[in-house]
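Remarks on the structure that follows.
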Amino acid sequence: MAGITLEEILSQPGVWQKALATLSDDHEVLQQYLHQSANLETVFIGCGTSYYLALSAARLYSLVTGQRSRASAASEVLFFPETIMPGNGHSCMPVMISRSGATTEIVRATEEIKSRVGDIVTGVSCRPESEMIRSCRFRFVIPAADEKSVVMTRSFTSMLLLIQYLAAVKSGNKGFEEALLRLPELGANIIDKYHGLIKMIFEGRGFTTFVYLGQGPYYGLACEAMLKIKEMSLSFSEAYHSLEFRHGPMSMVNENMLLIFLISERARMKETILLEEMKALGAQTLVLCETADPAIRAASDYLIELRSGLSDEARMILYMPAVQLLGYYNSIAKGLDPDNPKNLTQVVILN
Ligand code: F1P
């Protein structure tokens, strides 16, 4: 019987479909959010997976709307609030992200921010009755994306899709909004096509280290992919802005390292050169890209082409099922149980 984590990873395209339907029903709250946030800088805030989501969301939101946005870990709001919400904080729209809406730091950060800026906080979650959501004024919730698993997979992609949708509506970019509607079908095709490849990577071999590389909004995806392999398979992993890897970390390259490239069209040329260099140094490489040219093909040990026809900003979540499956199958190959990751609980509650 398939475990719950695998089931949730594979369920993503259907859940994205439901998320898009929920969003188009949220018309009133969406209008209120747009009105309130009109000229404000958006600050996305979360913990763990939800923090990495915030990193990607902030870059994506700036690219699509042309407005300033940033990301912060919720704990930073608790210890250094004036650096996250400078001045009286009234120039910012805080967007709190949490699957559970119950993580201690995010609940406390929401209260801290409200005490500074008043009742204008936005919440993104999977649980409508959670403490965080109940204390937010603008609430965007996708119950269908909630999970039984400790490890966040479909909640990450669905909440990112929700933020992509907010950016689409805020910018009035109809083409971008229409592109998002294609993601469920594209995602299902990619999972069908590449599930076997990911499983096969660990047949007969293992890796000691996994390093994930991406630029711009793809850096947050790289961080989240890094967390998946850690949580599910207790493997050493790192994430970098792609070109940062040359600045020291590449000294660690060897044949037991799997380097995973999340290639964007914008950074593609330079990322391809890096890929070729790292292959020459002996790394094993897994490349995820829109379409591969001969140079990428020659330097990839494993290759996933998304062939979505969508922009860097629209197709982001299509990269995630494969890297989540990578964590899952590495865990299985190591004889671990990805449904019960060591030392972890679904929600981190602090005293
Ligand atoms: C955040 C989080 C998860 C992590 C772990 C504990 O949860 O840090 O990313 O996998 O299970 O919680 P949330 O605030 O999004 O509910």
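The values are calculated or read from the model by the stated rules, or taken from the named source; none is laboratory data. Worth saying up front: this structure is predicted, and the values here are computed from it rather than measured. All Cβ positions, glycine included, derive from the backbone under ideal geometry; neighbour counts span all protein chains shown.
Quick one: which residue in SER62, SER56 is away from the ligand (no atom under 16 Å from the Cβ), closer than 20 Å to PHE140 by Cβ and either in contact with a Pro (Cβ under 6 Å, 6 or more places away or on another chain) or free of Cβ contacts under 8 Å to residues at least 40 places away in the same chain (or both)? Show your work before the answer.
Values: SER56 fails: away from the ligand (no atom under 16 Å from the Cβ).
Sole residue among the options that is away from the ligand (no atom under 16 Å from the Cβ), closer than 20 Å to PHE140 by Cβ and either in contact with a Pro (Cβ under 6 Å, 6 or more places away or on another chain) or free of Cβ contacts under 8 Å to residues at least 40 places away in the same chain (or both): SER62.
Might you let me know whether the range 232-248 holds any residue that is among the aliphatic types (A, V, I, L, M), more than 14 Å from the chain's Cα centre (by Cα) and surrounded by fewer than 21 Cβ atoms within 10 Å (Cβ to Cβ)? Yes: the range 232-248 contains one or more residues that are among the aliphatic types (A, V, I, L, M), more than 14 Å from the chain's Cα centre (by Cα) and surrounded by fewer than 21 Cβ atoms within 10 Å (Cβ to Cβ).
Being over 19 Å from THR49 (Cα atoms), hydrophobic (A, V, I, L, M, F, W, C) and away from the ligand (no atom under 12 Å from the Cβ): is that true of VAL141 here?
No: the conditions fail for VAL141.
Just one residue in the set ILE113, ILE97 is more than 8 Å from the ligand (Cβ to nearest atom), touching a Gly at 6+ places or on another chain (Cβ under 8 Å), of a type in the set (A, V, I, L, M, F, W, C) and within 19 Å of LEU350 (Cβ to Cβ); that residue is ILE113. When SER24, SER50 are screened for being hydroxyl-bearing (Ser, Thr, Tyr), surrounded by fewer than 18 Cβ atoms within 10 Å (Cβ to Cβ) and either outside any strand (DSSP E or B) or at pLDDT 95 or above (or both), only SER24 passes.
Give me the residue from the range 149-166 that is among the β-branched types (Val, Ile, Thr) and more than 12 Å from the ligand (Cβ to nearest atom) and, out of that set, surrounded by the most Cβ atoms within 10 Å (Cβ to Cβ).
Going residue by residue through the range 149-166, those that are among the β-branched types (Val, Ile, Thr) are 150-151, 153, 157, 163.
Now drop any that are not more than 12 Å from the ligand (Cβ to nearest atom), which leaves 157, 163.
On the way: THR157: 29, ILE163: 24.
The extreme case among them is THR157.
Among the conditions (1) among the aliphatic types (A, V, I, L, M); (2) in contact with a Cys (Cβ under 6 Å, 6 or more places away or on another chain); (3) not in a strand (DSSP E or B), LEU34 misses just one, which is (2). Of the residues that make up the range 40-48, is at least one away from the ligand (no atom under 16 Å from the Cβ) and of a type outside the set (Val, Ile, Thr)? Within the range 40-48, one or more residues are away from the ligand (no atom under 16 Å from the Cβ) and of a type outside the set (Val, Ile, Thr).
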